[in-house]
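The values are calculated or read from the model by the stated rules, or taken from the named source; none is laboratory data. What you see is a predicted model; the values in this text were computed from it and never measured. We place every Cβ from the backbone using ideal geometry, glycine too, and count neighbours over all the protein chains shown.
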Amino acid sequence: MTTIKEIADLAGVSRGTVDRVLNNRGSVNPKTAEKIMDIVRALDYRPNKAGIALAAQKKKYKIGVILFSEHNPFFDEVMVGVCAKAAELADFGLTTITRRVEFDAAAQLTAIDELLAEGIHGLMLAPYNHTLIQQKIDELTEQQIPVVTVNTDIDGSRRLAYVGSDYFKGGCTAAGLLALMTCGNISLGIITGSSNVLCHSERVRGLRHILESSYPRIQTVTILENHDDEFESYALTKQLLKDFPHIDAVFFAAGGVHGGCKAIQESGLHPKVITFDELPTTVDMLKKGVISATISQQPFRQGSRSLDILFDHLTSGTVPEQEENFVEHSIKIKENV
């Protein structure tokens, strides 16, 4: 079994330096830390679990959690996964501090600073896709505060790992479903959450990539942003159906599904509707035949796995085998919910 002394000898540093890197204690030159972690991965180092538990109880790790707003039921499900894993790890001295914020870079930056003031050792973040957030993640990494992004990723950051869906493939899947469900020339309306949330834009990109390359008969007539707000989604969908009364299909790339489906119900029109997730209101609309199919992405596992990765990294220096940890998509129709 590899020891800390062996790692230190190979890296040309003291055992104390290796210990600081593995346990995120104190300041270590980033290049030195990277060299140590390369050796740790190469030797498949596994610390003594009893020692990890004892050290964690003494350290009392705090992990910050920042998810999108309390008015977003999908992230309620992610939070259930976080809470379940936090309860499981509570005996090891772990506590979590949660903030739920709006789709806004400034709100996220404020929340991060608040959590830093409370002394967090790691951060689980559903990031707003903005350069200021990316830079903040990099700053935290420099301070040896690891960041795991959950549900949506961010371009170019030095985050430790991402846990969530492969959103481009999710969009591709939605395109395939639309092709199976329709024939002839089709007019499609897209209602997304925000172009500044990477998971939303990636779903739309995946959908349009497949339609343009394989199913040009399905044409997008408009793309609208509802910011995951049910009331805004209702108003936008109502206007969409008024502007395009002969529309054949609607793709909801994010939240606001229930509000949008209410507008479709009231219109008396029957377009094919593809959505994401299995929220109770979504399942209800699926059973009623308003939604044709929905694509699930395991929110509970997203929350649980993200916290697990952070805790393992903080207590033992474990780096996940993959930076991108994708959950499985599953397709739900009226007959299998």
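Within region 41-72, the set of residues being at pLDDT 85 or above and of a type outside the set (Gly, Ala, Ser) comprises 61, 62, 63, 65, 66, 67, 68. Among residues of region 320-337 being among the acidic types (Asp, Glu) and under 14 Å from residue 150 (Cα atoms), the one that is modelled with the highest pLDDT is 324.
Exactly one residue out of 149, 141 is surrounded by fewer than 21 Cβ atoms within 10 Å (Cβ to Cβ) and in contact with a Ser or Thr (Cβ under 9 Å, 6 or more places away or on another chain), and it is 141. Taken residue by residue, region 212-225 has at least one member that is at pLDDT 95 or above, within 25 Å of residue 302 (Cβ to Cβ) and either buried (at least 22 other Cβ atoms within 10 Å of the Cβ) or under 18 Å from the mean Cα position of the chain (by Cα) (or both). Determine, yes or no, whether residue 156 is among the small types (Gly, Ala, Ser), surrounded by fewer than 17 Cβ atoms within 10 Å (Cβ to Cβ) and farther than 14 Å from residue 309 by Cβ. Yes. Within region 63-88, if we keep just the residues that are in a strand (DSSP E or B) and within 13 Å of the chain's Cα centre (by Cα), the residue that is farthest from residue 114 (Cα to Cα) turns out to be 68. One residue is enough: does region 247-254 have a residue meeting the conditions buried (at least 19 other Cβ atoms within 10 Å of the Cβ) and modelled with pLDDT under 95? Yes, that holds for at least one residue. Just checking, does region 282-295 include any residue being in a loop (DSSP other than H, G, I, E, B), in contact with a Cys (Cβ under 9 Å, 6 or more places away or on another chain) and among the small types (Gly, Ala, Ser)? Taking every residue of region 282-295 in turn, none turns out to be in a loop (DSSP other than H, G, I, E, B), in contact with a Cys (Cβ under 9 Å, 6 or more places away or on another chain) and among the small types (Gly, Ala, Ser).
Scanning region 314-330 for any residue that is hydrophobic (A, V, I, L, M, F, W, C) and assigned to a helix (DSSP H, G or I) turns up at least one such residue.
How many residues are under 20 Å from the mean Cα position of the chain (by Cα) and among the hydrophobic types (A, V, I, L, M, F, W, C) when one looks only at region 252-273? Steps first, please.
Restricting attention to region 252-273, the residues satisfying the condition of being under 20 Å from the mean Cα position of the chain (by Cα) are 252-257.
If we keep only those that are among the hydrophobic types (A, V, I, L, M, F, W, C) as well, we get 252-254, 257.
Of the residues in that region, 4 qualify.
Whenever a residue of region 295-323 is in contact (Cβ under 8 Å) with a residue 24 or more places away in the chain and buried (at least 21 other Cβ atoms within 10 Å of the Cβ), its partners that are among the aromatic types (Phe, Trp, Tyr) and part of a helix (DSSP H, G or I), lying with C-beta atoms within less than 7 angstrom and at least six residues away or across chains, give the pairs 299/74. Going by the structure shown, is residue 115 part of a helix (DSSP H, G or I), farther than 20 Å from residue 310 by Cβ and out of contact with any Pro (no Cβ under 7 Å at 6 or more places or on another chain)? No, not satisfied.
The one condition from (1) of a type in the set (Val, Ile, Thr); (2) crowded, with 23+ Cβ neighbours inside 10 Å; (3) closer than 30 Å to residue 44 by Cα that residue 327 does not meet is (2).
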